[in-house]
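This report refers to the structure that appears directly beneath it.
The values are calculated or read from the model by the stated rules, or taken from the named source; none is laboratory data. Keep in mind the model is a prediction, meaning the values are calculated, not measured. Note that each Cβ is placed from the backbone with ideal geometry, even for glycine, and that neighbours are counted across all protein chains shown.
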Amino acid sequence: MTNNKGFVSIVGAGPGDLELITCKGLKCIEEADVILYDRLANPRLLREAKDECEFIYCGKLPSNHVMRQEMINAKLVELAKQGKYVVRLKGGDPSVFGRVGEEAEELVKNNIPYEWIPGITSSIAAAAYAGIPVTHRKYSNSFTMRTGHDCALNEGKEGAHQQVGDTIAYYMSVKNIGANCEKLIAQGKSKHTKVAMIQWGTLGKQKVIEGTLETMAQIAREHEIENPAMTIIGDVVSLRESLSWFETKPFYGKHILIARSQTGNFELERHFSDQGAEAYSFPLLKRKKKQLTDAEIKQILNSQSLMFASPESAELFLEQLLIEGIDIRDLPRKIVCRSNQTKKLLAAKGLVAEKGVEEAEMVVIAPYGYETKNGDANIFHTHEMVIDERFREINERMLTEYKWDTVIFPNKAAIDLFIKENVYTENELSFAYIGESVKEYALKKGFTTIDQKVQDELEREKWGKTNV
């Protein structure tokens, strides 16, 4: 696709785990002008979108749609006709109970060019993360996917074919689990046939329960299983006892927030996610650049020593020098930085810096809000960190839909911003920290309980303040 203006990509976001989206799907997100996304598409994927990309939440709980399907169809057409590159981001695979056919038909009817990017479907992925192969030479040589609730347009089409397949997967299956199990028993399935229900499959908040066709409805009620949940029926479920692997991860079932006060990578979130936790970095920030004046640049170049307070400030300052054609060899010979991350960035640009703190009359390149250690230093600001308002709705939903256990504080500024933006009170969450001064500040702000398991992991991995 050489020109994506006025074009729509219908993209499968995969089952939830961030790394299970396709490379092509991720590229679409990176290039989109506007993204219409569902509840089941992992919202962390939207971080890959460009800063000017617009997000439109389409919702879709089983009984509560933020946007009806007709509205979504119309919005896709409207945005494409405005010449925008539109991505329709749908959980799992768009063609498996994702109503992709209706959206594609509407685009064709309006002569809108589009493409269709498959994704890993949730039944296979959720079963895999629960330790259940959907086929097996000894137990199952066929696999059937069904919706847990029938559409009125398909009434009369169910029958003996419903039980076809040694393994059966029901999507959106919570509400009608009892009725569907009863139908299968009536059609000849043994009431002792094994059943597993997998809620939020492939994520750290994954929850798996087991039963039989006779008992599963009651067990689901007792465990308060809610959508999104996948039901897997068949003898292959018995393999879970020996093949379960995801639940063995050390932080499986742990819900961890990572407080943020800067942009950058999400290594800390990825680390705990890889260890089985449900981890979410909050809030998401973006840089609001400030252009340095010619007079300010001249003063910096004429100084005796220069310190970079953050990697973002170093990057933005050197970027401006390059644009204005200023040779980096004109910089002061003594260059200092506050972190290893900044030191590495400068080295990649051909600048040798030593770690240290500001001194009297030193020039400091820093973001707004930076607290100097020396009142005589001259500070020049390259940017300020602001909340990315596109994620406001996402943050509110992520914080309120799930129960979080622990928050990790990488620095003092993250504590202040977390308290300002968060819906939890201080005594509702345990905490972990990076650095003793951060610990003391958190205690001063009202946090009382340290999550020792998370803290031990931070100290074992030697996490620094700049790689979160």
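Structure values in brief
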{"read-out": "Subset of the range 372-396 that is of a type in the set (D, E) and touching a strand residue (DSSP E or B) at 6+ places or on another chain (Cβ under 7 Å) - its residue that is surrounded by the most Cβ atoms within 10 Å (Cβ to Cβ)", "value": "D388"}
{"read-out": "Selection status of Y441, within 22 Å of A277 (Cα to Cα) and without any contact (Cβ under 8 Å) to a residue 60 or more places away in the chain", "value": "no"}
{"read-out": "Subset of the range 102-113 (residues that are outside any loop (DSSP other than H, G, I, E, B) and surrounded by 18 or more Cβ atoms within 10 Å (Cβ to Cβ))", "value": "E103, A104, E106, L107"}
{"read-out": "Subset of the range 253-268 (residues that are of a type in the set (D, E, K, R) and at pLDDT 95 or above)", "value": "K254"}
{"read-out": "Test result for L331, of a type in the set (A, V, I, L, M) and surrounded by fewer than 21 Cβ atoms within 10 Å (Cβ to Cβ)", "value": "yes"}
{"read-out": "Single residue of E389, E401 found to be at pLDDT below 90 and out of contact with any Leu (no Cβ under 9 Å at 6 or more places or on another chain)", "value": "E401"}
{"read-out": "Residue, surrounded by the fewest Cβ atoms within 10 Å (Cβ to Cβ), within the range 79-101, restricted to residues that are in a helix (DSSP H, G or I) and at pLDDT below 95", "value": "G101"}
{"read-out": "Pair list, Cβ under 7 Å, 6 or more apart: the range 11-32 residue farther than 11 Å from L46 by Cα, other residue acidic (D, E)", "value": "G12/D93"}
{"read-out": "Residue that is more than 30 Å from A279 (Cβ to Cβ) and aliphatic (A, V, I, L, M), where the choices are A169, A179", "value": "A179"}
{"read-out": "Filter result (among the polar types (S, T, N, Q), part of a loop (DSSP other than H, G, I, E, B) and either more than 22 Å from the chain's Cα centre (by Cα) or not assigned by TED's automatic domain parsing to the domain that holds A277 (or both)) within the range 412-445", "value": "T425"}
{"read-out": "Complete set of residues in the range 213-241 that are under 30 Å from the mean Cα position of the chain (by Cα) and not hydrophobic (A, V, I, L, M, F, W, C)", "value": "R221, E222, H223, E224, E226, N227, P228, T231, R240, E241"}
{"read-out": "The range 449-464 - residue that is in a loop (DSSP other than H, G, I, E, B) and at pLDDT below 95 and, of those, farthest from the chain's Cα centre (by Cα)", "value": "K462"}
{"read-out": "Filter result (surrounded by fewer than 19 Cβ atoms within 10 Å (Cβ to Cβ), at pLDDT 90 or above, in a loop (DSSP other than H, G, I, E, B) and within 35 Å of the chain's Cα centre (by Cα)) within the range 334-371", "value": "K349, G350, L351"}
{"read-out": "All helices (runs of 4 or more DSSP H) inside the range 155-252 with 1 or more residues being modelled with pLDDT under 95", "value": "177-186"}
